[in-house]
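A short write-up of the structure that comes next.
The values are calculated or read from the model by the stated rules, or taken from the named source; none is laboratory data. Not measured: the values here are computed from a predicted model. Glycine gets a Cβ as well: all are built from the backbone with ideal geometry, and neighbour counts include every protein chain shown.
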Amino acid sequence: MSNFESDMEREKRINKHTPGSKWDESRIEQAYQLALLGFTEKQIADEMEINLQTLYYWKDNMEGFGKRLQEGKTVADAKVAGELYKNCFDRFIKYKTQHIDGGRMVEVERTVFIQGDKWAQARWLALRQKGLWSEVQKLELTQNNINITKIDLTGYTTEELKLLGKISTRQLAQNIELNDREN
């Protein structure tokens with residue numbers, strides 16, 4: 001495929017094919033290998049030079065294709081998850097280096113300390129224990145005269161959220177004081 005071929009020309013070329021016209025059994029293993037690389041389904045279709053709809057058709061109708069594609073995704077995800085998990089912990093890594101000492105090659109084993117990745121730890125906990133560790137914060141405010149029931153505060157900084165909390169507390173205190181005066 002030429003680097004100068006426009007996306008529209010490529011789409012026209014790909015779209016003219018029917019779902020089975022580029023099919024052969026080797027596509028099953030090709031899909032698996034591309035999924036192992038972390039390709040999205042759109043990227044897989046592009047690499048196979050087929051339309052995304054053709055890929056969906058093959059997943060549903062070509063025996064073994066959908067299953068093998070999913071296996072590739074699962075293996076790749078499991079490997080990444082395993083490495084993320086490893087990065088959560090302090091660990092020592094051993095490796096060998098070679099250098100020349102007195103005219104001869106010497107192999108030396110070295111040990112390096114790698115500190116656990118704080119981001120990986122926070123991410124793991126945020127995914128596994130959302131209620132305790134999620135960074136998403138929602139605050140519900142209700143007030144008689146405004147009738148606000150929910151505000152999504154996910155885009156605010158911690159400082160802004162603290163300020164909103166102080167404002168709402170003061171507003172509630174004022175409302176309580178007004179109600180007490182009226183009664």
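Among the helices (runs of 4 or more DSSP H) confined wholly to segment 25-111, which include 3 or more residues that are within 30 Å of residue 123 (Cβ to Cβ) and either touching a Pro at 6+ places or on another chain (Cβ under 9 Å) or among the β-branched types (Val, Ile, Thr) (or both)?
The qualifying helices (runs of 4 or more DSSP H) are 65-87.
With 122, 76 as the choices, which residue is surrounded by 10 or more Cβ atoms within 10 Å (Cβ to Cβ), under 29 Å from residue 153 (Cα atoms) and not polar (S, T, N, Q)?
None of the others qualify; the one that does is 122.
Could you please find all residues in segment 157-183 being outside any helix (DSSP H, G or I) and modelled with pLDDT of 80 or more?
Correct list: 157 only.
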